[in-house]
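So the structure is just underneath, and the comments pick up after that.
The values are calculated or read from the model by the stated rules, or taken from the named source; none is laboratory data. This structure is a prediction, so every number in the text was calculated from the model and none was measured. Cβ sites come from the backbone with ideal geometry, for glycine too, and all protein chains shown count toward neighbours. Only protein heavy atoms, including side chains, enter the accessible area calculation; ligands, DNA and RNA are left aside. Shrake-Rupley method; radii C 1.70, N 1.55, O 1.52, S 1.80 Å.
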Amino acid sequence: MAVKPFSDEQLRTLINLRQRYDVWMEAERRLADMSYDLRRKTVDGKTYLYEIFDHRGNGRSLGRMNDALEERFSAYREAKQGAQTQRDAARSMLNESARLYRALRLPMLSSGAGPILQECDRRALLGSHLLVVGTNALAAYSIEAAGFLTGAPDETDDFDLAWSATEVQEGELPVWTMLKAVDPTFTVNTERTFQARNAKAYEVEILVAPSRHATMGRNDQPKPVPLPEQEWLLLGSPVDQVAVCRDGTPVRIVAPDPRWFALQKLWMSEQAKRNPLKRPKDRRQGIALLNAVQAMMPHYPLNEVFESGIPEDLLRFYDDWRSGRLT
């Protein structure tokens, strides 16, 4: 059996989790788009409105209070209060779904991925700028298949993200500012400049296809090395699902089209440059995912249209799987 189907209770939990996560994240994004705070300050008997940038109180004056600034201050307070109320109410329901998700033993990610994925989503980077690749993507594929993938190792202690933006991020540092917001102890590995590591030795690697390398800001970090095989992960339609980490953190995952992810995994399993300890896992994941696509993902068809677009480097792996030579 390629997939062990989820129970009705597990499916209900996944539906509720997604709905509650979306409401919560909508409020989180609204709050993130607002100024940190607006405050009245009295200086020499005159009242001014200040925009505050951070928890240290750094900010700038917007001018002496007048009708326009009073209206702006009131609108800000009302909008912030509304977003906070929505966030807090949704978070309570979301936590309930996350607890049930863990109790039902649905597919989980390692705890280290949670804060990174939440911050990526809060900054609207998932899908538009970054894709979740590597083993962490398997939880999303399992949910997409509505069942547990048979024979696919599904946990890792590091985190791989692929840069996917199509527009140039000149002067911007979306990846580095995101990582530093999650944990200020993140530093770039000087020996592997495509990798960042925090004080707990949790590693984040950034990957990029040659066609997207130029769209990443020249000063952004970590610095990925363009890899031709990353081009395959840009093809097709990404998967977009919500899962939960082992510590109960709910996260959204946007991962590459499972057909291309599986074929790339099979290709990597035979590459000499690949860590030999990871190659067997790549092979098992690739086979398990293709089996799951065939059995439970008709919306990702393995038909003549798809087959006609498979490049020569991947065609042998697909033919071997089709013929049953891959086990």
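Listed here are the strands (runs of 3 or more DSSP E) enclosed by the stretch 1-90 that have at least 1 residues being of a type in the set (Val, Ile, Thr) and either more than 28 Å from residue 119 (Cα to Cα) or at pLDDT 90 or above (or both): 3-5, 37-43, 46-52.
The C-beta contact set for the stretch 1-21 (first residue surrounded by fewer than 20 Cβ atoms within 10 Å (Cβ to Cβ), second residue of a type in the set (Ser, Thr, Tyr) and part of a helix (DSSP H, G or I), distance under 7 angstrom, 6+ apart or interchain) comprises 16/97. Just one of the listed residues (67, 88) is free of Cβ contacts under 8 Å to residues at least 24 places away in the same chain, under 17 Å from residue 19 (Cα atoms) and either of a type in the set (Asp, Glu) or open to solvent by less than 60 Å² (accessible area, probe 1.4 Å) (or both), namely 88. No other residue among 268, 216 is touching a Lys or Arg at 6+ places or on another chain (Cβ under 6 Å) and more than 30 Å from residue 99 (Cα to Cα) apart from 268.
Looking across the stretch 244-272 at every residue that is in a strand (DSSP E or B) and touching a Phe, Trp or Tyr at 6+ places or on another chain (Cβ under 8 Å), the one that is surrounded by the fewest Cβ atoms within 10 Å (Cβ to Cβ) is identified as 252.
Based on what the data block shows, is residue 226 touching a His at 6+ places or on another chain (Cβ under 7 Å) and either open to solvent by 40 Å² or more (accessible area, probe 1.4 Å) or under 16 Å from residue 149 (Cβ atoms) (or both)? Yes; evaluated as a whole, the condition is true for this residue. Cβ-Cβ distances below 7 Å connect the following pairs, each with a first residue in the stretch 181-204 that is farther than 10 Å from residue 116 by Cβ and open to solvent by 60 Å² or more (accessible area, probe 1.4 Å), a second residue that is assigned to a strand (DSSP E or B) and among the basic types (Lys, Arg), and a separation of six or more residues or different chains: 187/197. Count of the stretch 119-135 residues, restricted to those that are in contact with a strand residue (DSSP E or B) (Cβ under 6 Å, 6 or more places away or on another chain) and on the phi < 0 side of the Ramachandran plot, is 7.
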